[in-house]
1. Rounded to the nearest 5, what % of the DSSP beta bridges within the chain are antiparallel ones?
2. Taking every pair of distinct Cα atoms and averaging 1/r, then inverting, what Kirkwood hydrodynamic radius in Å comes out for the chain?
3. With only Lys, Arg, Asp and Glu charged, each at its Cβ (+1 for the first two, -1 for the last two), find how big the charge dipole of the chain is about the Cα centre; round to the nearest 20 debye.
4. What whole-number distance in Å separates the alpha-carbon centres of segment 122-178 and segment 189-258?
5. Using the Kirkwood radius over C-alpha pairs as Rh, can you work out the diffusion coefficient of segment 104-285 via Stokes-Einstein at 10 °C, viscosity 1.306 mPa s, in µm² per second?
6. Short version: ³J(HN,Hα) in whole Hz for each residue of segment 61-67, in order, from phi by Karplus 6.51 cos²θ - 1.76 cosθ + 1.60 (θ = phi - 60°), x for Gly and Pro, what are they?
7. Which one of Val129, Gly149, Ala224 has its Cα pushed farthest toward the positive end of the charge dipole of segment 104-285, where Lys and Arg give +1 and Asp and Glu give -1 at the Cβ?
8. So what's the angle, to the nearest 10 degrees on a 0 to 90 scale, between helix 294-312 and the longest Cα principal axis of the chain?
Amino acid sequence: MSAPLRILVTKRVFPEAVEFLRRQGFEVDYNGTDRVLDREELIRRARGCAAVVSQLTDRLSAEVIAELEGARIIANVAVGYDNIDVAAATARSIAVTNTPGVLTETTADFAFALLMAAARRVVEAHAFVHSGRWSTWIIDLLAGQDIHGATLGIFGLGRIGAAVARRGRGFGMRILYCDGRAAPPELERELDARRVSREELLRESDFVSLHVPLTPATRHLIGAAELAMMKPTAILINTARGPVVDEAALAEALEKRTIWAAGLDVFEQEPEVHAKLLELPNVVLAPHIASASFATRRRMSMMAAENAAAALGGQRPPNLLNPEVWR
Ligand code: DGY
């Protein structure tokens, strides 16, 4: 009998994913902690494994991938995969998969939660009541921006962008979007969405929500010049990837009130946050949790395990990102 195939699960996932892999007969090297394996440990433990179930905190660079002898698949527990050098994996015939679809609605819920919290100053209001400073009803106490009837500008009208736009429609918002590709006409009709230039979106929108993947083309998509085009009452929401926004430029714009507020779930150097952002009252901060409902994170864990098991069983993994390796 041949030895079971080995799988490295780099970090803690929902337990059913590991149980599933073990039930399939794989030998699982499971780092059941929240500690990120450093480069050396990742390479050492991944060496000889047929699959690596990774997370967005694992840097699978070309150099690391070059060491993954015997690997057939990297199954990322995330829809984003900017932590993996997919070209390097493809060059070594290693499949790469992600977890699209299952987190769409949960992420959109959270983007909208940030939007509402920033517009209506929910975090400031909570702190205010806690501080004991509430003495009477005041005409403009913690006044914010209206959401209903406002213009929502979406960068990237993919699955999550469209789900956020749908929520905006529920609030009677006007939808503008900016995307390299026009959305299907039926989606534009459903959302009553108009495709506009980057500049028009920035100048017209009361809320700008980012839903693009991180690529060289989207790095610092929102920098000082773009922030300067936005309305002084505008609110920026980022649940995509931190480096899509120039964090220093954003902190300055928020401090100078060139824009009114921001809601951020992602940062350029996670878990670090630009010092100024930590001090400003007009920004709502979250630690990369937009997809963090129990059901969704459980489903993401399972999806990655299923992708790994499929590939090792000789089947095309359902969420394959580099089909070139599967012929
Ligand atoms: C992703 O999946 O890419 C998110 O950032 C984490 O859910």
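1. Roughly 5 percent of the beta bridges in the chain run antiparallel, per DSSP.
2. Value: 21.2 Å, from the Cα pair sum.
3. It comes to approximately 660 debye.
4. Taking the Cα centre of each part, segment 122-178 and segment 189-258 sit 16 Å apart.
5. 96 µm²/s
6. Each residue's phi maps through the Karplus curve to give 6, 4, 5, 5, 4, 4, 8 Hz.
7. My answer, from the dipole projection, is Gly149.
8. 30 degrees
The values are calculated or read from the model by the stated rules, or taken from the named source; none is laboratory data. The model shown is predicted, which means the values in this text are computed figures rather than measured ones. Methodologically, a virtual Cβ is constructed for each residue, glycine included, from the backbone with ideal geometry; neighbour enumeration extends over all protein chains shown. When the accessible area is computed, the model is the full protein with side chains, heavy atoms only, and any ligands, DNA or RNA have been set aside. Shrake-Rupley method; radii C 1.70, N 1.55, O 1.52, S 1.80 Å.
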